[in-house]
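Peer 1: Take this structure, written in structure tokens, and hold onto it; I'll ask about it next.
Derivation of every value follows stated rules applied to the coordinates shown; laboratory data play no part. On a predicted model such as this, the values are computed, not experimentally measured, just so you know. As a convention, Cβ positions derive from the backbone with ideal geometry for all residues, glycine included, and neighbour counts pool all protein chains shown.
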Amino acid sequence: MAASELVELAVTYQDIAAAAKRLEGIAYKTPVLTSSQADHHADASVFFKCENFQRVGAFKFRGAYNAISCLSEEQKQQGVVAFSSGNHAQGMALAARMLGVHATIVMPSNAPAMKLAATREYGAEIILYDREREDREVIAAQLSAERGCAVIPAYDHADVIAGQGTAAKELFDAVGPLDYLFVCTGGGGLLSGCAIAAAQLSPGCIVIGVEPEAGNDAQQSLRTGNIVHIPVPDTIADGAQTQHVGKLVLPILQAYVKDIVTVSDDQLRTQMRFFAERMKIVVEPAGCLAAAAVMHRVLPFAGEKVGVIVSGGNVDMELFARSIAAAKPFF
Ligand SMILES: *Cc1c(COP(=O)(O)O)cnc(C)c1O
């Protein structure tokens, strides 16, 4: 835990507080839901911070809006570029439009039609690339060189991490200190931002990251202290199919995150069904990660006060229907 004193971290709590000011009246203050059924299964008092109700249906709007807001006027005039097939694309497109900034999003040509359409509807220019033959980071770097626009990555960026951390800040502001906070992790932007908020607003709160069993790179990275790269994990949690955590992210995890646990796709399906059936909410597979870990009691937290970040709700309805039909219910 002394790592925070030894290494200068890219993001501080002050950055999160400043991001919260920028997002005031812009991002939704998403609801915190509770459920006696969930408490029963978890054997704890569980508070769900529901970012599936955020603008664009996921927390990504927070980091995107904060990062674009932090650019200079000159940079804003040059526009921004991002590469993403998922929620970061939509978050960037909407945030850029709200701030009057031109956004170019590099997306795979085989991205779901729904996601391409949503990103285009928010007014972004879309550049398609061939996932098999082209490297999106190279394309984004070229665009940035040609047009002078800033590249805003999905997680490895200080202003993005600070924006994502406002989700946990709002949770603590709403329910007070917690014993545990569970947060899903892909590249670790959400987890690292939320962990910084927890350290400040609820000292002693144990922060746990949750990732898909098929891709436990963040777990390996935290446990070994080196960024571990893995092949694209085979999981229904498409929001967490990243191959490695960010360079800015790992030192923050080392300073503030106790451990990272994993859940299986079957557990995610069960959780999706629970959310739909009992809590009447639509949550995408990655959004179920933290809740699934808690409701399958991966750690002994009986009787404790436990926070869960529900990260997003953008799921193809065919996949949703298949997943909940195949899900084993709790007990
Ligand atoms: C992006 C995303 C994640 C993973 O977030 P990171 O900041 O990359 O760890 C999890 N869930 C959803 C819904 C997402 O869109």
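Peer 1: So what does log10 I(q)/I(0) come out to for segment 28-80 at q = 0.20, 0.26, 0.32 Å⁻¹, using the Debye formula with one equal point on every Cα and no solvent?
Peer 2: For segment 28-80, the Cα-only Debye profile gives -0.77, -0.93, -1.09.
Peer 1: Equivalent-ellipsoid semi-axes (√(5λ), Cα gyration tensor) for segment 1-127, whole Å, largest first?
Peer 2: Taking √(5λ) for each eigenvalue gives 29, 22, 15 Å, largest first.
Peer 1: With a 10 Å radius around each residue's Cβ, average the other Cβ atoms per peptide and rank 213-220, 199-206, 248-255, highest first.
Peer 2: 248-255, 213-220, 199-206
Peer 1: I need two numbers for segment 194-246: Rg to one decimal and Dmax as a whole number, Cα atoms only, in Å.
Peer 2: My reading of the Cα-based Rg and Dmax gives 12.8, 36 Å.
Peer 1: Using the number of other C-beta atoms within 10 angstrom as an exposure proxy, rank D15, D173 with the fewest first.
Peer 2: Lowest to highest Cβ neighbour count: D173, D15.
Peer 1: Right, next: With only Lys, Arg, Asp and Glu charged, each at its Cβ (+1 for the first two, -1 for the last two), find how big the charge dipole of the chain is about the Cα centre; round to the nearest 20 debye.
Peer 2: 640 debye
Peer 1: Measure of size requested: the Rg and Dmax of segment 151-247, with Cα atoms as the atom set and Å as the unit; please supply both.
Peer 2: 13.5, 39
Peer 1: A further question follows. Which of the peptides 233-244, 284-295 is most tightly packed, and how do the rest follow, going by the mean number of other Cβ atoms within 10 Å of each residue?
Peer 2: The peptides rank, most packed first, as 284-295, 233-244.
Peer 1: Can you tell me, using C-alpha contacts under 8 Å and at least 6 residues apart, the relative contact order of the chain as a whole percent?
Peer 2: Relative contact order of the chain: 22 percent.
Peer 1: Rg and Dmax in Å for the chain, alpha carbons only: what are they?
Peer 2: My reading of the Cα-based Rg and Dmax gives 18.5, 58 Å.
Peer 1: A follow-up question, please. Residues with beta-carbon under 9 Å from that of A103, excluding A103: net charge, scoring Lys, Arg +1 and Asp, Glu -1?
Peer 2: It works out to a net charge of 0.
Peer 1: Right, something else. For segment 61-192, compute the orientation-averaged projected area of the C-alpha convex hull (one quarter of its surface), in nm².
Peer 2: Averaging across all directions leaves 8.7 nm² for the Cα convex hull.
Peer 1: Which value does Rg/Rh take for segment 266-320 over its C-alpha atoms, Rh per Kirkwood?
Peer 2: Answer for segment 266-320: 0.99.
Peer 1: Which order results if K29, K169, K115, K280 are arranged by neighbouring Cβ count within 10 Å, fewest first?
Peer 2: K280, K29, K115, K169
Peer 1: Where does each of D156, D316 land when they are ranked from fewest to most other beta-carbon atoms within 10 angstrom?
Peer 2: D316, D156
Peer 1: Please give, to one decimal in nm, the separation of the simple spin-label points placed at Q77 and E146, each 7 Å out from Cα toward the Cβ.
Peer 2: If labels sit at Q77 and E146, their model points lie 2.2 nm apart.
Peer 1: Mind pulling the per residue volume of the convex hull built on the Cα atoms of segment 208-310? Å³ is fine.
Peer 2: 99 Å³
Peer 1: On to the next question. If you line up the long axis of helix 317-326 against the longest principal axis of the chain, both from Cα atoms, how many degrees apart are they, to the nearest 10?
Peer 2: 20 degrees
Peer 1: For T242, what is the net charge nearby, where nearby means another residue's Cβ is under 12 Å from its Cβ and Lys, Arg count +1, Asp, Glu -1?
Peer 2: The answer is -4.
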